[in-house]
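The values are calculated or read from the model by the stated rules, or taken from the named source; none is laboratory data. It should be emphasised that the depicted structure is a prediction, and the values quoted were computed from it without experimental measurement. Please note: Cβ atoms are built from the backbone with ideal geometry, for glycine as well, and neighbour counts cover all protein chains shown.
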Amino acid sequence: MSEQRQSKEQYNTLLARIRATRPEAVTTTEDRLKLPEPKTMVSGKKTYWINFIEFPNILRRDPAEFLNYFRSQLAINASIENGRAIFMGRPDKHSFSALVSRYLKERVICPVCNSPDTHLEKVKQLLSIVCEACGARSAAK
Ligand SMILES: [Zn+2]
């Protein structure tokens with residue numbers, strides 16, 4: 001066993017211990033979801049989000065709903081083409097990853113039990129996060 005591996009195991013043991021004592025303090029839901037970094041490319045006046053489709057796929061969200069979130073948050077028109085999202089503007093590169101995190105908080109993670117195993121339901125224009133782990137229904141933003 002390499003030293004590096006060993007220290008990683010020690011770290012994991014430590015992490016497990018911290019989690020056991022302070023379960024509410026550590027949330028690694030984002031790690032659990034294993035989301036990639038948004039890969040974007042600017043060309044002319046457009047911004048291409050190359051690996052866009054991976055996000056709604058991993059999060060089990062409707063790509064159109066997912067894109068809509070970014071469209072309204074960035075106030076930029078956008079469309080999906082061959083799995084890429086094309087934004088009609090040049091938003092800051094970092095705003096994509098920041099908005100992915102915000103999307104997770106507002107529309108994926110169950111606020112009751114922190115589970116990422118949720119889905120969205122829309123009833124009378126009201127968007128709710130329905131948790132498949134604890135059954136809670138919470139308002140999405
Ligand atoms: Zn829950």
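Based on this model, can you work out whether Glu81 counts as at negative phi, surrounded by fewer than 15 Cβ atoms within 10 Å (Cβ to Cβ) and not small (Gly, Ala, Ser)?
Yes, satisfied.
For segment 42-70, which residues satisfy the criterion of being without any contact (Cβ under 8 Å) to a residue 12 or more places away in the chain and either surrounded by 15 or more Cβ atoms within 10 Å (Cβ to Cβ) or more than 18 Å from Val130 (Cα to Cα) (or both)?
Of everything in segment 42-70, those that are without any contact (Cβ under 8 Å) to a residue 12 or more places away in the chain and either surrounded by 15 or more Cβ atoms within 10 Å (Cβ to Cβ) or more than 18 Å from Val130 (Cα to Cα) (or both) turn out to be Ser43, Gly44, Pro56, Asn68.
Condition first: β-branched (Val, Ile, Thr) and closer than 24 Å to Thr118 by Cβ. Now tell me which residues in segment 48-89 satisfy that.
Once the filter is applied, which keeps residues that are β-branched (Val, Ile, Thr) and closer than 24 Å to Thr118 by Cβ, segment 48-89 yields Ile53, Ile58, Ile80.
Could you list all residues from segment 92-106 that are more than 8 Å from the chain's Cα centre (by Cα), surrounded by fewer than 16 Cβ atoms within 10 Å (Cβ to Cβ) and either more than 14 Å from Glu37 (Cα to Cα) or not assigned by TED's automatic domain parsing to the domain that holds Glu65 (or both)?
Matches in segment 92-106: Asp92 only.
Among the numbered criteria (1) over 26 Å from Val42 (Cβ atoms); (2) within 16 Å of the ligand (Cβ to nearest atom); (3) of a type in the set (A, V, I, L, M), which one does Leu59 miss?
It is condition (1) that Leu59 fails.
Would it be correct to say that Ser138 is in contact with a strand residue (DSSP E or B) (Cβ under 9 Å, 6 or more places away or on another chain), outside any helix (DSSP H, G or I) and outside the structural domain of Trp49 (by TED's automatic domain parsing)?
yes
Taking Gly89 and the conditions (1) within 17 Å of the chain's Cα centre (by Cα); (2) surrounded by 12 or more Cβ atoms within 10 Å (Cβ to Cβ), which numbered condition does it fall short on, given that it satisfies the others?
Unmet for Gly89, out of (1) within 17 Å of the chain's Cα centre (by Cα); (2) surrounded by 12 or more Cβ atoms within 10 Å (Cβ to Cβ): (1).
Can you pull out every residue in segment 114-126 that is within 15 Å of the ligand (Cβ to nearest atom) and surrounded by fewer than 14 Cβ atoms within 10 Å (Cβ to Cβ)?
Across segment 114-126, the qualifying residue is only Glu121.
Every residue, every condition in (1) away from the ligand (no atom under 15 Å from the Cβ); (2) part of a helix (DSSP H, G or I), yes or no:
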site: Ser101; (1), (2): yes, yes
site: Leu104; (1), (2): no, yes
site: Val112; (1), (2): no, no
site: Ser128; (1), (2): no, no
